[in-house]
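The values are calculated or read from the model by the stated rules, or taken from the named source; none is laboratory data. Only a predicted model underlies this, so the values are computations on that prediction, with no experimental measurement involved. Cβ coordinates were reconstructed from backbone atoms using ideal geometry, including for glycine residues, and neighbour counts include every protein chain displayed.
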Amino acid sequence: PFAELSVSTISDRAGVARSGFYFYFDSKYAVLAHILGEVTHELEELTHDFAPRGDDETPAEFAKRMVGSAAAVYAHNDPVMSACTNARNSDAEIRDILDGYNDVIIDHIVPVVEAEIAKGTADPITTDVRRLVRTLAATTAFTLSGESAFVGPDRDIEAAVRVLEKLWLRALWGGQVGG
């Protein structure tokens, strides 16, 4: 849990010496907000600023790129991301910070999906694209955090990532894709 993360673990991830932690940050929550800002930047880099699907990129390749990028970011930023995702139900401050982070991600993805719809290249399972992307993003976050309800008792993240790729693919492109 986030409450059990040591200042040393958090300060190491934030790139500051433990002795300087409180000079730079008021609390573990302040450093969490800072880390999530870096996580967003890292995800933007890996996805090329959430670049739309290229002409030579299939919907399946696009889903794999986006989910794979998220998986890499979660892996690189563990245990902080997992602890925060798991603590969101019991800690209102963490929930607010994570909701803000998720809104930034959703704000990046929705226009990409809407552009695909406008071109006739996407066929989402609902017309409520923002809510669909929010649901997919939440499912992705809990899965990549290793939440047992999403990954199962074997904790096979790689298998769960493959399922996430298919989930995003089918939810956004519907019957327009094979496999």
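Go through (1) within 18 Å of the chain's Cα centre (by Cα); (2) not in a loop (DSSP other than H, G, I, E, B) and name the single condition ALA118 misses.
Only one criterion is unmet by ALA118, namely (1).
Mind listing whichever residues of the range 5-59 are within 30 Å of ARG170 (Cβ to Cβ), of a type in the set (Asp, Glu) and within 15 Å of the chain's Cα centre (by Cα)?
GLU42, GLU44, GLU45, ASP49
Are any of the residues in the range 50-72 of a type in the set (D, E, K, R) and either modelled with pLDDT under 85 or closer than 27 Å to GLU93 by Cα (or both)?
For the range 50-72, residues of a type in the set (D, E, K, R) and either modelled with pLDDT under 85 or closer than 27 Å to GLU93 by Cα (or both): absent.
Restricting to the range 144-170, and then to whatever is at pLDDT 95 or above and surrounded by 19 or more Cβ atoms within 10 Å (Cβ to Cβ), can you tell me which residue is farthest from ASP78 (Cα to Cα)?
The selected residue is LEU169.
So ASP123 clears everything in (1) within 25 Å of ASP55 (Cβ to Cβ); (2) exposed (fewer than 13 other Cβ atoms within 10 Å of the Cβ); (3) of a type outside the set (A, V, I, L, M) except one condition, right? Which one?
(2)
Which residues, counting only those in the range 122-179, are in a loop (DSSP other than H, G, I, E, B), within 18 Å of the chain's Cα centre (by Cα) and in contact (Cβ under 8 Å) with a residue 24 or more places away in the chain?
Answer for the range 122-179, where residues must be in a loop (DSSP other than H, G, I, E, B), within 18 Å of the chain's Cα centre (by Cα) and in contact (Cβ under 8 Å) with a residue 24 or more places away in the chain: SER145, GLY146, GLU147.
Is it the case that the range 166-176 has a residue that's farther than 14 Å from PRO59 by Cα and among the hydrophobic types (A, V, I, L, M, F, W, C)?
No, the range 166-176 contains no residue that is farther than 14 Å from PRO59 by Cα and among the hydrophobic types (A, V, I, L, M, F, W, C).
In the range 1-106, which helices (runs of 4 or more DSSP H) lie fully inside it and hold 3 or more residues that are more than 19 Å from ILE157 (Cβ to Cβ), out of contact with any strand residue (DSSP E or B) (no Cβ under 7 Å at 6 or more places or on another chain) and without any contact (Cβ under 8 Å) to a residue 40 or more places away in the chain?
Hits in the range 1-106: 7-14, 21-24, 28-46.
So ALA51 ticks every box in (1) closer than 20 Å to ALA118 by Cβ; (2) among the aliphatic types (A, V, I, L, M); (3) surrounded by 16 or more Cβ atoms within 10 Å (Cβ to Cβ) but one. Which box is left unticked?
Among (1) closer than 20 Å to ALA118 by Cβ; (2) among the aliphatic types (A, V, I, L, M); (3) surrounded by 16 or more Cβ atoms within 10 Å (Cβ to Cβ), the lone unmet condition for ALA51 is (3).
Just for the range 107-120: of the residues that are surrounded by fewer than 18 Cβ atoms within 10 Å (Cβ to Cβ) and out of contact with any Phe, Trp or Tyr (no Cβ under 9 Å at 6 or more places or on another chain), which one is nearest to ALA33 (Cα to Cα)?
ASP107
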